[in-house]
Amino acid sequence: MLLQATGITKLYGIQPVLEGINLQVNERERVGLVGVNGAGKSTLLKILAGELSFDGGHIHKSKETTVGYLAQNSGLQSERTIHEEMLSVFAPLIEAEAELRQLEQQIADPDAAEDEKRYAELLERYSQRSDWFKDRGGYEMNTRIRSVLHGMGFGDFPPDTPIATLSGGQKTRLALARILLQAPDLLMLDEPTNHLDIETLTWLEDYLRGYSGGILVVSHDRYFLDRLVTTIVEIERHQSHRYTGNYSRYVDLKEAEYESRLKQYEKQQGEIAKMEEFVQRNIVRASTTKRAQSRRKALEKMDRIERPLGELKKANFSFEPDFQSGREVLQVREAAVAFGEGAPLFKNASFELRRGDTAALIGPNGIGKSTLLQCLTGTREPSAGSVSWGAKVKIGYYDQEQTRLNPQNTVLEELWSEYPMLEEARIRTILGNFLFSGEDVQKKISALSGGEKARVALSKLMLRGANMLILDEPTNHLDLVSREVLESALIDFEGTLLFISHDRYFLNKMAERVLELHPGGIDQYLGNYDDYIAKKGELEDLASEAADSPPSSSAAGSERYVSPSPEKGGVSSYEADKQAKREERSRQRKLAELEDAISGLEEEIAAIETEMTKPEVYQDYTVLQEHERNLNEKKQRLSGFFSEWEVLADE
């Protein structure tokens with residue numbers, strides 16, 4: 001057991017936030033902490049991390065257990081460069097390495113051997129520190145830094161990049177990279193998937209699945225929870241409930257548990273009604289009074305089952321178009337976006353949407369997905385190409401940054417100012433459907449949480465009556481329940497839908513076509529996210545198997561169901577793509593060979609250093625000097641291999 005919390009209670013004034021929370025995390029266990037926004041998940045993590053006091057209960061962990069806690073959206077604030085900051089994690093190893101180099105110089109000094117006792121102490125100290133350095137991964141720390149930075153999307157960043165120059169999202173990712181390198185026994189992460197694109201998300205999942213310690217994670221990413229966690233702890237109505245399994249298993253178990261409790265309650269209520277009826281009918285009859293009294297006593301002593309509480313109140317809305325659009329909704333031809341005189345973010349982006357289509361736009365962070373949506377909505381002009389809308393298209397746009405909300409307005413004013421023709425009672429009813437009731441409607445937009453702002457934006461979008469919805473990360477800031485309500489509303493939507501999302505669960509449920517944006521344009525895939533992943537893998541396998549043969553008609557035709565960008569059309573584009581894949585495979589082979597060579601050299605260096613601690617070696621000055629020369633030569637070769645690895649990894 002790494003950590004155990006029993007009966008944790010937290011009050012804000014007299015208002016309880018947590019009441020009797022129980023939670024336990026064992027070695028190598030992956031626990032997902034879920035609940036609606038405001039349930040107290042982040043509060044509990046802060047209490048467990050020692051950053052917040054609590055009003056009742058106990059927390060137990062052994063003194064040896066190290067805990068790493070990363071708060072939600074906590075960007076790394078530092079005056080160092082990226083490499084300096086990551087290297088600071090290994091400060092004890094760096095100090096030990098410096099001491100080893102100093103000891104090596106002392107051991108190699110011919111005069112040192114004259115004092116046998118002191119020389120033996122030197123060698124013993126060197127042996128101990130060398131073993132300590134090796135056991136704690138001293139020889140792998142630079143490789144680990146490069147691996148984690150590459151996985152978290154910093155592979156192309158120069159190591160001397162000042163952290164202060166990074167964006168907020170990049171600082172958050174770097175803070176996550178740093179805590180992964182620290183590798184505490186218990187890793188506590190609050191919404192770690194924020195600001196991550198799909199590629200980085202996938203890498204993080206794989207990394208955490210192989211993590212040697214325990215993990216406690218708060219997340220609204222259902223795909224992430226399904227792939228990672230083995231236990232779910234739900235906080236609901238200030239109480240905690242533990243379920244074995246991933247998120248999907250938890251949903252099934254919770255529903256089955258509710259149905260079982262409801263049946264038990266209804267069964268007991270039926271028994272109580274029969275007994276009460278018998279008592280009422282027979283209490284005054286001489287022949288049955290004793291039996292009636294007996295049943296009345298049984299009723300008084302009965303442990304009554306409380307009616308199980310149903311689901312918490314959740315948002316309730318739908319998107320209904322005011323009228324139908326024409327059949328042809330949108331045509332994008334050869335669109336490009338560039339800032340200033342620099343290279344374009346993307347070019348030759350082309351796709352079409354027809355009435356009723358549902359398409360997901362995906363791609364890595366920074367590729368220009370939101371920028372492309374701005375071109376579609378008219379807030380930005382493309383640098384090249386065209387955007388053409390069809391007849392009777394009414395657009396509704398959801399901005400992930402919520403820039404269209406006026407921070408000075410109240411919630412009520414925000415809707416009423418845009419739809420002044422509606423009565424106040426109607427506005428309040430709509431806001432009630434989005435969980436704003438009573439005095440909540442008088443809250444300033446600036447004082448709302450991210451989830452509350454998202455619900456205000458969705459309420460405005462619902463009133464728009466659009467037949468073409470363009471959504472930029474619509475599930476951001478929404479809790480799990482609100483995401484499911486949004487999905488249901490969009491599934492019933494009878495118009496056309498184009499959305500950006502990194503929520504793979506949402507992508508799987510909603511997408512009928514995937515548009516993958518890259519610098520050279522857009523590739524199109526039929527199906528949802530899982531279909532897209534499967535087809536990408538299939539195409540890569542085909543390219544690998546048929547590296548030197550021309551494509552068959554079926555591989556290039558309808559069975560492939562991927563539409564390449566215009567500049568990739570024809571045999572020439574296939575050959576170019578084939579050559580690029582050959583080069584990438586060659587690069588990956590060279591990287592693998594270099595990593596094997598680095599690993600081998602590190603083992604040889606460790607073996608030489610161990611050899612140098614043996615009496616028959618350190619007492620023979622000539623042999624010791626030979627070992628020293630050999631050691632320096634291998635370290636120079638290792639440095640050269642690392643330089644080659646960095647060049648290849650950055651390509």
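The values are calculated or read from the model by the stated rules, or taken from the named source; none is laboratory data. Since the structure is predicted, the reported quantities are computational estimates derived from the model, not experimental observations. With ideal geometry, Cβ positions are generated from the backbone for all residues, glycine too; neighbour counts draw on all protein chains shown. In case anyone asks, the SASA skips ligands and DNA or RNA and just uses the protein heavy atoms, side chains included. Shrake-Rupley method; radii C 1.70, N 1.55, O 1.52, S 1.80 Å.
If Gly310 satisfies every condition in (1) modelled with pLDDT under 85; (2) surrounded by 15 or more Cβ atoms within 10 Å (Cβ to Cβ); (3) not acidic (Asp, Glu) but one, which is the exception?
(2)
Among the residues of region 131-154, how many are free of Cβ contacts under 8 Å to residues at least 24 places away in the same chain and of a type in the set (S, T, N, Q)?
Qualifying residue count for the region: 1.
Looking at region 497-507, is at least one residue within 25 Å of Trp416 (Cα to Cα), modelled with pLDDT of 90 or more and within 19 Å of the chain's Cα centre (by Cα)?
no
Please work out which residue is surrounded by the fewest Cβ atoms within 10 Å (Cβ to Cβ), limiting yourself to region 320-363 and to residues that are closer than 21 Å to Phe506 by Cβ and in contact with a Lys or Arg (Cβ under 8 Å, 6 or more places away or on another chain).
By that ranking, first place goes to Asp357.
Do you know which of the residues in region 594-611 that are closer than 17 Å to Leu100 by Cα and within 36 Å of the chain's Cα centre (by Cα) is surrounded by the most Cβ atoms within 10 Å (Cβ to Cβ)? Give the steps one after another, and end with the answer.
Within region 594-611, the subset closer than 17 Å to Leu100 by Cα is 602-611.
Now restrict to residues that are within 36 Å of the chain's Cα centre (by Cα): 602-603.
Values: Glu602: 19, Glu603: 12.
Filtering region 594-611 for residues that are closer than 17 Å to Leu100 by Cα and within 36 Å of the chain's Cα centre (by Cα), the one surrounded by the most Cβ atoms within 10 Å (Cβ to Cβ) comes out as Glu602.
Show the residue pairs that are 6+ apart or on different chains and have beta-carbon atoms under 7 Å apart, the first residue being within region 155-168 and among the polar types (S, T, N, Q), the second being open to solvent by less than 60 Å² (accessible area, probe 1.4 Å).
Thr161/Thr81; Thr161/Ile82
Please give the number of the condition Glu205 fails out of (1) assigned to a helix (DSSP H, G or I); (2) open to solvent by 30 Å² or more (accessible area, probe 1.4 Å); (3) under 25 Å from Met510 (Cα atoms).
In the conditions (1) assigned to a helix (DSSP H, G or I); (2) open to solvent by 30 Å² or more (accessible area, probe 1.4 Å); (3) under 25 Å from Met510 (Cα atoms), Glu205 misses (2) alone.
Tell me which residues, restricted to region 612-627, are open to solvent by 30 Å² or more (accessible area, probe 1.4 Å) and farther than 16 Å from Glu121 by Cα.
Asp620, Tyr621, Thr622, Val623, Gln625, Glu626, His627
Checking Tyr126 against (1) open to solvent by 20 Å² or more (accessible area, probe 1.4 Å); (2) at pLDDT below 90; (3) not basic (Lys, Arg), which test does it fail?
That leaves (1) as the condition not met.
Taking the condition in contact with a Pro (Cβ under 7 Å, 6 or more places away or on another chain), surrounded by 22 or more Cβ atoms within 10 Å (Cβ to Cβ) and among the aliphatic types (A, V, I, L, M), does Val217 pass? Talk me through it step by step, then tell me what you get.
Numbers: in contact with a Pro (Cβ under 7 Å, 6 or more places away or on another chain): yes; surrounded by 22 or more Cβ atoms within 10 Å (Cβ to Cβ): yes; among the aliphatic types (A, V, I, L, M): yes.
Answer is yes for this residue.
What are the residue pairs meeting all of these: first residue in region 636-647, first residue in contact (Cβ under 8 Å) with a residue 12 or more places away in the chain and open to solvent by 40 Å² or more (accessible area, probe 1.4 Å), second residue among the β-branched types (Val, Ile, Thr) and in a helix (DSSP H, G or I), Cβ atoms under 7 Å, and 6 or more apart or on different chains?
Pairs that qualify, where the first residue is in contact (Cβ under 8 Å) with a residue 12 or more places away in the chain and open to solvent by 40 Å² or more (accessible area, probe 1.4 Å) and the partner is among the β-branched types (Val, Ile, Thr) and in a helix (DSSP H, G or I), are Phe641/Ile598.
Consider only pairs whose beta carbons are under 8 Å apart and that are at least six residues apart or on different chains; among these, list those whose first residue lies in region 420-432 and is open to solvent by 80 Å² or more (accessible area, probe 1.4 Å) and whose second residue is assigned to a helix (DSSP H, G or I).
Sorted first by the residue in region 420-432, then by its partner, the pairs are Arg428/Leu412; Arg428/Val441.
How many residues does region 10-21 contain that are assigned to a strand (DSSP E or B) and either within 11 Å of Ser240 (Cα to Cα) or open to solvent by 60 Å² or more (accessible area, probe 1.4 Å) (or both)?
Here is the first cut: in region 10-21, the ones assigned to a strand (DSSP E or B) are 10-12, 15-21.
The next check asks that each one be either within 11 Å of Ser240 (Cα to Cα) or open to solvent by 60 Å² or more (accessible area, probe 1.4 Å) (or both); those that pass are 11-12, 15, 18-21.
Residues meeting the conditions: 7.
Return the total of residues in region 461-482 being polar (S, T, N, Q) and under 20 Å from Leu330 (Cα atoms).
The first filter runs over region 461-482 and keeps only residues polar (S, T, N, Q), leaving 467, 475-476, 482.
Of the ones still in play, those that are also under 20 Å from Leu330 (Cα atoms) are 467.
Qualifying residue count, region 461-482: 1.
I'd like the full set of residues that are closer than 27 Å to Glu205 by Cβ and either open to solvent by 80 Å² or more (accessible area, probe 1.4 Å) or assigned to a helix (DSSP H, G or I) (or both), limited to region 22-37. Give the steps one after another, and end with the answer.
Going through region 22-37, the residues closer than 27 Å to Glu205 by Cβ turn out to be 23-37.
Within region 22-37, Glu27, Arg28 qualify.
Given the structure, is Glu452 open to solvent by 30 Å² or more (accessible area, probe 1.4 Å) and more than 23 Å from Glu191 (Cα to Cα)?
Details: open to solvent by 30 Å² or more (accessible area, probe 1.4 Å): yes; more than 23 Å from Glu191 (Cα to Cα): no.
Considered against the rule, which asks whether it is open to solvent by 30 Å² or more (accessible area, probe 1.4 Å) and more than 23 Å from Glu191 (Cα to Cα), Glu452 comes out as no.
Which residues, taken from region 144-172, are assigned to a helix (DSSP H, G or I), open to solvent by 30 Å² or more (accessible area, probe 1.4 Å), at pLDDT below 90 and over 14 Å from Thr81 (Cα atoms)?
Of everything in region 144-172, just one residue is assigned to a helix (DSSP H, G or I), open to solvent by 30 Å² or more (accessible area, probe 1.4 Å), at pLDDT below 90 and over 14 Å from Thr81 (Cα atoms), namely Gly168.
Restricting attention to region 56-71, which residues are part of a loop (DSSP other than H, G, I, E, B) and open to solvent by less than 80 Å² (accessible area, probe 1.4 Å)?
Looking only at region 56-71, we keep the residues that are part of a loop (DSSP other than H, G, I, E, B), and these are 61-66, 71.
Passing the criteria: Ser62, Thr65, Thr66, Ala71.
Given the conditions (1) within 30 Å of Glu257 (Cβ to Cβ); (2) within 14 Å of the chain's Cα centre (by Cα); (3) open to solvent by 20 Å² or more (accessible area, probe 1.4 Å); (4) basic (Lys, Arg), and given that Arg222 satisfies all but one, which numbered condition is not satisfied?
(3)
Looking only at residues in region 377-419 that are among the hydroxyl-bearing types (Ser, Thr, Tyr) and in contact (Cβ under 8 Å) with a residue 40 or more places away in the chain, which one is least open to solvent (accessible area, probe 1.4 Å)? Walk me through it before giving the result.
We begin by selecting, within region 377-419, every residue among the hydroxyl-bearing types (Ser, Thr, Tyr); these are 377, 379, 383, 386, 388, 397-398, 403, 410, 417, 419.
Add one more test, that the residue is in contact (Cβ under 8 Å) with a residue 40 or more places away in the chain, and what stays is 377, 383, 386, 388, 397-398, 419.
On the way: Thr377: 37, Ser383: 74, Ser386: 48, Ser388: 55, Tyr397: 39, Tyr398: 6, Tyr419: 28 Å².
In this case the residue turns out to be Tyr398.
Kindly indicate which of Ala112, Ala177 is at pLDDT 90 or above, open to solvent by less than 30 Å² (accessible area, probe 1.4 Å) and assigned to a helix (DSSP H, G or I). Please lay out each step first, then the result.
On the way: Ala112 fails: at pLDDT 90 or above.
Checking each option against the conditions leaves just Ala177.
Hey, can you tell me all the residues within region 171-192 that are in contact (Cβ under 8 Å) with a residue 40 or more places away in the chain and closer than 21 Å to His502 by Cα?
If the condition is that a residue be in contact (Cβ under 8 Å) with a residue 40 or more places away in the chain and closer than 21 Å to His502 by Cα, then Lys171, Thr172, Leu174, Ala175, Leu176, Ala177, Leu189, Asp190, Glu191, Pro192 are the ones that fit.
If only one of Gln324, Gln331 is touching a Ser or Thr at 6+ places or on another chain (Cβ under 7 Å) and among the polar types (S, T, N, Q), which one is it?
Exactly one of Gln324, Gln331 is touching a Ser or Thr at 6+ places or on another chain (Cβ under 7 Å) and among the polar types (S, T, N, Q), namely Gln331.
So, of the residues in region 60-109 that are of a type in the set (Asp, Glu) and more than 28 Å from the chain's Cα centre (by Cα), which turns out to be modelled with the highest pLDDT?
As a first pass, look at region 60-109 and keep what is of a type in the set (Asp, Glu): 64, 79, 84-85, 95, 97, 99, 104, 109.
Next, only the ones that are more than 28 Å from the chain's Cα centre (by Cα) stay: 64, 95, 97, 99, 104, 109.
On the way: Glu64: 87, Glu95: 92, Glu97: 89, Glu99: 89, Glu104: 86, Asp109: 80.
Ranking the qualifying residues of region 60-109, first place goes to Glu95.
Look through Ser446, Ser459 and report the one residue that is in contact (Cβ under 8 Å) with a residue 60 or more places away in the chain and out of contact with any strand residue (DSSP E or B) (no Cβ under 8 Å at 6 or more places or on another chain). Please lay out each step first, then the result.
Numbers: Ser446 fails: in contact (Cβ under 8 Å) with a residue 60 or more places away in the chain.
Only one candidate qualifies: Ser459.
Could you tell me which residue of region 89-107 is farthest from Met612 (Cα to Cα), considering only residues that are of a type in the set (Gly, Ala, Ser) and open to solvent by 30 Å² or more (accessible area, probe 1.4 Å)?
In the first step, residues of region 89-107 are kept if they are of a type in the set (Gly, Ala, Ser); the result is 91, 96, 98.
Still in the list and also open to solvent by 30 Å² or more (accessible area, probe 1.4 Å): 91, 98.
Numbers: Ala91: 25, Ala98: 17 Å.
Looking at the filtered set, the residue picked out is Ala91.
Looking only at region 246-265, filter to residues that are free of Cβ contacts under 8 Å to residues at least 24 places away in the same chain and farther than 18 Å from His220 by Cβ; which one of those is most open to solvent (accessible area, probe 1.4 Å)? Write out each step before concluding.
If we filter region 246-265 for residues that are free of Cβ contacts under 8 Å to residues at least 24 places away in the same chain, which is where we start, we get 249, 251-257, 259-260, 263.
If we keep only those that are farther than 18 Å from His220 by Cβ as well, we get 252-253, 255-257, 259-260, 263.
Values: Asp252: 94, Leu253: 50, Glu255: 113, Ala256: 58, Glu257: 65, Glu259: 83, Ser260: 52, Lys263: 141 Å².
The residue in question is Lys263.
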